[in-house]
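What follows is one structure encoded as structure tokens, with my remarks underneath.
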Amino acid sequence: MSGLEIAANVMACLSILLAARNSVHTWWAGIIGCSLFGLLFWETQLYADVLLQVFFVVASIIGWWNWHASADHAALPISRTPVRSFVLMSVAAVLAGAAYGALLHRFTDAYAPFADSAVLCLSVLAQLLLMRRRIETWPVWVLVNTIAVPLYASRGLTLTSVLYAFYWFNAWLAWRHWHRLWRAQEQPA
């Protein structure tokens, strides 16, 4: 366990906890944590995860803006994704993961390219949903963490694996919390 792994995990944990609590501060903490994880994953040959961290940094900047900016300066409300849109996005994520995994398998020395790519593409889907404060972000994060825990453990990233196991539980709790918040905001005033 390196100092880099510890620092990345601390900042990422802070970001995930803040996201679960529906706090805008999730975004700056995420930018720092993702930058550190990008370096860590490069060192451990998880190249799809490096690309994912770059995406997360950019998405965090956009998410920070989205959660702050609106025509009336009100906070972006929690909402649901239309079923058809969610199905199409999910299919696209799975197909992209398979295609990217095949590319990594063929052209790099990537470790577990298909699992790594699944984490990448499903995380992109979950992050896009999070940026728009969609409830469906949380079941996708449950799936991502289900894949990520054994992947990171197999690379000797014990602390990261434990943290992602924590994220798995956090995603379940956040899903429930966000659902309650959504119902409360849907109640007539």
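The values are calculated or read from the model by the stated rules, or taken from the named source; none is laboratory data. In this text, all values refer to a predicted model and were calculated from it rather than measured experimentally. Positions of Cβ are backbone-derived with ideal geometry, glycine not excepted, and every protein chain shown enters the neighbour counts. Side chains are part of the model used for accessible areas, which takes the heavy atoms of the whole protein and leaves out ligands, DNA and RNA. Shrake-Rupley method; radii C 1.70, N 1.55, O 1.52, S 1.80 Å.
Suppose we filter segment 1-31 for residues that are in contact (Cβ under 8 Å) with a residue 60 or more places away in the chain, in a loop (DSSP other than H, G, I, E, B) and under 30 Å from residue 79 (Cβ atoms); how many remain? Show your work before the answer.
First, pick out the residues of segment 1-31 that are in contact (Cβ under 8 Å) with a residue 60 or more places away in the chain: 1, 5-6, 8-9, 12-13, 16-17, 19-22.
Still in the list and also in a loop (DSSP other than H, G, I, E, B): 1, 21-22.
From the residues that got through so far, the ones that are under 30 Å from residue 79 (Cβ atoms) too are 21-22.
Number of matching residues: 2.
Closer than 19 Å to residue 161 by Cα, out of contact with any Lys or Arg (no Cβ under 6 Å at 6 or more places or on another chain) and open to solvent by less than 40 Å² (accessible area, probe 1.4 Å): does that describe residue 9?
Values: closer than 19 Å to residue 161 by Cα: yes; out of contact with any Lys or Arg (no Cβ under 6 Å at 6 or more places or on another chain): yes; open to solvent by less than 40 Å² (accessible area, probe 1.4 Å): yes.
Criteria met by residue 9.
For segment 154-189, name all the residues that are more than 18 Å from the chain's Cα centre (by Cα) and free of Cβ contacts under 8 Å to residues at least 24 places away in the same chain.
Correct list: 180, 183, 184, 186, 187, 188, 189.
With (1) in contact with a Phe, Trp or Tyr (Cβ under 8 Å, 6 or more places away or on another chain); (2) surrounded by fewer than 16 Cβ atoms within 10 Å (Cβ to Cβ) as the list, and residue 136 as the residue in question, which single condition is left unmet?
In the conditions (1) in contact with a Phe, Trp or Tyr (Cβ under 8 Å, 6 or more places away or on another chain); (2) surrounded by fewer than 16 Cβ atoms within 10 Å (Cβ to Cβ), residue 136 misses (2) alone.
Since residue 113 meets every condition but one in (1) free of Cβ contacts under 8 Å to residues at least 24 places away in the same chain; (2) open to solvent by less than 60 Å² (accessible area, probe 1.4 Å), which condition does it not meet?
Status for residue 113: all satisfied but (1).
Against the conditions (1) over 14 Å from the mean Cα position of the chain (by Cα); (2) on the phi < 0 side of the Ramachandran plot; (3) open to solvent by 20 Å² or more (accessible area, probe 1.4 Å), where does residue 40 fall short? Just the number, please.
(3)
Considering each residue of segment 32-70, count those that are free of Cβ contacts under 8 Å to residues at least 60 places away in the same chain, among the polar types (S, T, N, Q) and farther than 17 Å from residue 123 by Cβ, and give that number.
1
Of the numbered conditions (1) open to solvent by less than 10 Å² (accessible area, probe 1.4 Å); (2) touching a His at 6+ places or on another chain (Cβ under 9 Å); (3) not β-branched (Val, Ile, Thr), residue 145 satisfies every one except a single condition; which is it?
(2)
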